[in-house]
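Presented below is the structure to which this report refers.
The values are calculated or read from the model by the stated rules, or taken from the named source; none is laboratory data. Predicted model, so just to flag it, every value in this text is computed and none were measured. Using ideal geometry, Cβ is built from the backbone for each residue, glycine included, and neighbour counts are taken over all protein chains shown.
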Amino acid sequence: MKMLLALLMAVATAGAQTPARDPATAAAARVGTASVSGAVTDEARRPVRRATVTARGPAGLALSAITDDGGRFSIDGLPAGRFTITATTAGSPSVSYGANRPNRPGAGLLLTDGQQVTDLALTLARGGVLSGTVFDEHGQPMPGVPMMAWEVRATLAGDRTLDFPSNGGESVTTDDRGMYRIFGLPAGEYTVGTSWSYSGSVNARIPTDEEIRAAFAAAERARTPNGSAAPVRSPAAPVSNYVPIFYPSATDPLVAQTVELAAGQERLGLDIRMQRQPASSLDATVAGPNGPVERAEFRFSRRSPVQALNSDRVGWTQPAGRIDLGSVAAGDYTLRVDARATVSNSIGLGQPADNPTTLWAIADVTLAGAPISLTLQLQPAMTLSGRVVFDASSTPLPPNLSMARVSLAPPADSAAIGSAAAKVAGDGTFTLPGVTPGRFRVTAAMPATVGAGASPWTLKSVVMDGRDVTDLLVDIGAGEMRSIVVTFTDQVAELTGTITNASGKPLTDYFVIVMPADRQYWTRPSRRLVNARPDVGGRFTFRGLPPGDYRIAATTDLVPEDLADGNALQQLMLQSVPVTIGPGERKVFDIRTGQ
């Protein structure tokens, strides 16, 4: 133990570096001549000892140092490139250089060969705490319950929702006193509740009063002369289980009470009262034209307005086509079945292996404490058709239109299984086989020919049955036969510019975000909602933006979750300026900050 402590002291004093996950990759990449050094302090300007400072850069390179007794660190051997410098320690949310808030990447550093950055200052603030006790329905402390903090956010549509906090979705388990303590949280609005993965404990059937009285009566008769213990009749009593709960005892996460947590604040006494409710179960049978279907893929998806709770269960139908999901928490669900070539023989369609027929079935169910049995009848998938056309100003048409890529892609929160890819012929006509009902976006691209560099073509429009649905989600119902026209254009718009401070110095430590002014395009992923980092000269480029009205903003704080958070985008909108992009326009838009 003394030897280990001595080794740690030596590492900390020397500012030694630890390799990334792949030591070989880190060793190969660590051939640069740049370095960064500085100090980590707390909010009272006191040095933070034994904090881990990590420099993350190109090609997944990550080198770390441990601060010494003065909070100092030094990381050398860095190649040229953009680096994020982050400090972490137990009990505090991580902080990155240039970030205005914890757990964000911050501005970063754009290092050149041989550059030595000194006196880099990082401030680690103490994290907030949420704690309380979890009780069962009788008021007794309940150990072993996984709990987590949920952060209050907004969807892209502006609706209130909950999501994993910025420090991740880690859960803590209540101790033998039923107590939990969640620490290291940044300031924000939270609620507490069971973990996203919590599905209750063991199913139980609580004996009724009649059962208990009958059991005592039977035992008493058994003790009397010539007595006989008559069998105890068990009246039907529901099987129950504990259900997910949010502070203080809400089964609906959107009506849970929330708390405002300041930096370093401790909110105590956030007690939770668990609820036991009748257990729900679903027993389904999947049938094809010739009877039950085995080995068909199914997906059982929850449909909660809180997307973070919408986990899926994926599996295969069992003998006799059965799907037995066992005990399931109450809620709204979608059960979707997809049968392809692997089950064509058992379905009895007689289709050749190279031309499989896709069958599907879908059912929306609401589980509310009672067992549900249902039969899903498979039916053939649809085939949509269309054509690819080109709006060319000067570029010759591609010699082989079959290179075009057209597909139906479901949104990330969809219950659909996979996507449908088109079969494009040389003349540009295409079919989309295996389409099942659902909500989709038509995506399309025209790759460049080999060795030709970037493709000169970009998607101009998608018209479905005469309606322009470019970059929008569309609902396709059962039996619908849609006709699609995909138009590519060589008029590729480009938005470029530089970001500088008030004295004209290029700024490299910002994210530049372009957002559509029309909120119907606030979806992810999107061609219209994009971001970029400036290069060493402060230059940024956006290529392929569809024509339209946009807002452009710059910030040193951006994480991918922000582009799916309505509140975060609204804040960016408030500090943005308008910009309009025309078809094929090459616009220069420079940004100057007040710094």
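Based on what the data block shows, is residue 157 in a loop (DSSP other than H, G, I, E, B) and touching a helix residue (DSSP H, G or I) at 6+ places or on another chain (Cβ under 8 Å)? Yes, satisfied.
Taken over region 571-594, the criterion of being in a helix (DSSP H, G or I) and surrounded by 14 or more Cβ atoms within 10 Å (Cβ to Cβ) is satisfied by 571, 572, 573. One residue stands out in region 265-286 among those that are of a type in the set (Gly, Ala, Ser) and modelled with pLDDT of 90 or more: the one that is farthest from residue 374 (Cα to Cα), namely 269. Out of curiosity, is residue 531 in contact with a helix residue (DSSP H, G or I) (Cβ under 8 Å, 6 or more places away or on another chain) and either closer than 27 Å to residue 166 by Cβ or touching a residue at least 60 places away in the same chain (Cβ under 8 Å) (or both)? Here the answer is yes, as residue 531 does meet what is asked. The number of residues in region 548-560 being surrounded by fewer than 15 Cβ atoms within 10 Å (Cβ to Cβ) and either touching a Ser or Thr at 6+ places or on another chain (Cβ under 7 Å) or in contact (Cβ under 8 Å) with a residue 40 or more places away in the chain (or both) comes to 1. Total residues in region 108-125 satisfying the condition of being buried (at least 18 other Cβ atoms within 10 Å of the Cβ) and closer than 21 Å to residue 263 by Cα: the figure is 2. Of the residues 81, 98, 32, only one is touching a helix residue (DSSP H, G or I) at 6+ places or on another chain (Cβ under 6 Å) and either small (Gly, Ala, Ser) or within 21 Å of residue 506 (Cβ to Cβ) (or both); which? Unique residue meeting the criteria: 81. Annotation note: Cβ proximity below 6 Å between a residue of region 100-111 that is in contact (Cβ under 8 Å) with a residue 12 or more places away in the chain and a residue that is of a type in the set (Phe, Trp, Tyr) and part of a loop (DSSP other than H, G, I, E, B) (sequence gap 6+ or interchain) occurs for 106/97.
Only residues that are among the hydroxyl-bearing types (Ser, Thr, Tyr) and free of Cβ contacts under 8 Å to residues at least 24 places away in the same chain were counted in region 453-501, giving 1. Among all positions in region 140-151, there is no residue which is touching a residue at least 60 places away in the same chain (Cβ under 8 Å), farther than 30 Å from residue 79 by Cβ and either assigned by TED's automatic domain parsing to the domain that holds residue 95 or of a type in the set (Asp, Glu) (or both). Residues being loosely packed, with under 13 Cβ neighbours inside 10 Å, part of a loop (DSSP other than H, G, I, E, B) and polar (S, T, N, Q) are represented in region 382-394 by at least one member.
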